[in-house]
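A.B. asks: One structure coming up, written as structure tokens, with questions to follow.
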Amino acid sequence: MKKAIYAFSGDPITYGHIDIIKRAAGTFDEVIVGIGSNPDKSYMFTLDERREMAERSLAELKNVHVKAFTGLLVDFAYEQDISVIVKGVRNSDDFGYENILHQLGASQKQGIDTYILFARPELAHISSSAVKSLQKENGFIQDYVPLYVKQAIEAKMARQYILGVTGEIGTGKSFLSKSFTEIGEKLNIETHHIDLDSIGQQIQEELTDPQYLKVRRQIVDSFGSDIADPDGMINRKKLGQVVFNDSAALAKLNAIMKKPILVRLKRELYGKSGLIILNSALLIETGTVNLCNNNVLLMHCTKETQEKRLLERGLTKAQISRRLDSQYAFLEKKRIIELEIERENHGRLWVIKNDEKITDKFLTETFKSVINELRM
């Protein structure tokens, strides 16, 4: 039986590490992932936390087992009766460093050899330190680490615990988000409500940075000069009349707005801590459910209740129909969220039916359930 060890600090584990481990698991019958502790290094996560992140991230690899160790790696390999250590190398500096470590290990005369795997070019820039540097400035790290690890890093570095609130129009997303903010205040738990639609409104109607001027010109070029006011700002009512009549047009608008909204979201997240509520009707449609680490509260209600609320907002039945046709229906949203949770092996879905008045007790209990799930 061919066995090997892959050892690293795992502070935190990244997709670069995971790729090397997967490739090693395809070559060897068994791979021990050793989570080491160096007394000369300070770690962001405890040894138990680093081990748990690795176990969660590697759960699908049945021939991979995670173990914590102290002392020399070659001694750990000897004790595990393993004669091969796998190392991932991203560049020439890594290669030189690993060569020195190999020679030092060989000096212990235990017959331990080194097996080098070169990082894939598309992953070579990923490192634990790069992940931490990005998170320090509220950069997005979901392309660098699994969502469970992302959630742990956000909690550790920024004390941020992110919840997505979504649902069709008129289901009570803003009501729920504001209620949670009030409950957080009563329970002395810092809570922030970020409405992604409001961010989009700022981009289209208020912000004057060069890039947002460019975005507005792109919207006008795509949907016609009639949707712009004389000052160059977007008339969202007129824009809505265009895009909510045409699913392709709405998809095009979402594509134009996605990047600027995400940039502004980073601004909104900066310096905030506690429970962060991301309120967005299109969280699923725009493929951004990973922003909240698949932790989603999904609102829904009957079509009769929905229509009543939207009529009270001044929308016509035709406008309501177009708005609803432009979004995924409740069951489709629920299906996609559940698939994402299963695919990532991480996340939690809460479903709230909001027809009759929701009691304060129910809202408080749901709020506490979210807090417990996010380990605040």
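A.B. asks: Excluding residues fewer than 8 places away in the same chain, name every one of the lysines whose C-alpha is closer than 17 Å to that of Lys259.
C.D. replies: Those lysines meeting the cut-off are Lys214.
A.B. asks: Hey, quick one: spin label on Lys308, modelled 7 Å out along Cα-Cβ, who in the stretch 138-177 has an amide N within reach, i.e. under 15 Å?
C.D. replies: Flagged as within label range: 170-172.
A.B. asks: While we're on this one: Nothing charged except the Cβ atoms of Lys and Arg (+1) and of Asp and Glu (-1): what's the magnitude of the dipole of the chain about its Cα centre? Round to the nearest 20 debye. Present the calculation step by step, with values, prior to reporting the outcome.
C.D. replies: Values: 52 positive and 51 negative charges, 116 e Å.
For this selection, approximately 560 debye.
A.B. asks: Something else: Between Tyr115 and Ala130, what is the label-to-label distance in nm when each label sits 7 Å out along the Cα-to-Cβ direction?
C.D. replies: 2.5 nm
A.B. asks: Sticking with this structure for a sec: Please arrange Glu268, Glu137 by how many other C-beta atoms lie within 10 Å of their C-beta, fewest to most.
C.D. replies: Exposure proxy ranking, most exposed first: Glu137, Glu268.
A.B. asks: Here is a further query. Aspartates and glutamates near Lys62 by alpha-carbon distance under 19 Å, same-chain residues fewer than 8 away left out - which ones?
C.D. replies: Here the aspartates and glutamates satisfying the reach criterion relative to Lys62 are Asp19, Asp29, Glu30, Glu52, Glu342, Glu344.
A.B. asks: How large is ³J(HN,Hα), in whole Hz, for each residue of the stretch 36-44 in order, when computed from phi with the Karplus curve 6.51 cos²θ - 1.76 cosθ + 1.60 and θ = phi - 60°, using x for Gly and Pro?
C.D. replies: x, 10, 9, x, 8, 10, 9, 10, 6
A.B. asks: Moving to a separate point now. Would you kindly derive the ³J(HN,Hα) couplings of the stretch 301-318 from the backbone phi angles with the Karplus curve 6.51 cos²θ - 1.76 cosθ + 1.60 (θ = phi - 60°), listing them in order in whole Hz, with x for Gly and Pro?
C.D. replies: 7, 6, 5, 5, 5, 4, 5, 4, 5, 6, 5, 5, 7, x, 7, 7, 4, 5
A.B. asks: Can you classify the chain as rounded, prolate or oblate using the Cα gyration tensor, where a ≥ b ≥ c are the square roots of its eigenvalues, rounded means a/c under 1.5, and otherwise it's prolate if a/b beats b/c and oblate if not?
C.D. replies: Working: a/c = 2.59, a/b = 2.01, b/c = 1.29.
It is prolate, given that a/c is not under 1.5 and a/b is the larger ratio.
A.B. asks: Rounded to the nearest Å, what's the spacing between the alpha carbon centres of the stretch 304-327 and the stretch 147-191? Just the number, please.
C.D. replies: 27 Å
A.B. asks: Still on this structure, please answer the following. What are the ³J(HN,Hα) values, in whole Hz, obtained from phi via the Karplus relation 6.51 cos²θ - 1.76 cosθ + 1.60 with θ = phi - 60°, for each residue of the stretch 155-167 in sequence order, with x given for Gly and Pro?
C.D. replies: These are the phi-based 3J(HN,Hα) values: 5, 6, 8, 10, 6, 10, 10, 9, 10, x, 10, 9, x Hz.
A.B. asks: Moving to a separate point now. Going 7 Å from the Cα of Asp226 in the Cα-to-Cβ direction, what parts of the stretch 318-357 have a backbone nitrogen less than 14 Å from that spot?
C.D. replies: none
A.B. asks: Among the chymotrypsin sites (Phe, Trp or Tyr not before Pro) in the stretch 153-229, which ones are in a DSSP loop with at most 16 other Cβ atoms within 10 Å of the Cβ? Mind listing them?
C.D. replies: none
A.B. asks: If the cut-off is a Cα-Cα distance under 21 Å, which lysines reach Lys41, setting aside same-chain residues fewer than 8 apart in sequence?
C.D. replies: Result set, ordered by chain and number: Lys67, Lys87, Lys132, Lys136, Lys156.
A.B. asks: Here's a follow-up. Length gain on complete extension for the stretch Arg335 to Lys266, per 0.36 nm per residue less the alpha carbon to alpha carbon distance?
C.D. replies: 22.0 nm
Only the coordinates and a few stated rules stand behind these numbers; no lab work does. None of these values were measured; they are calculated from a predicted model. Counting neighbours? That spans all protein chains shown, and the Cβs are built from the backbone with ideal geometry, glycine included.
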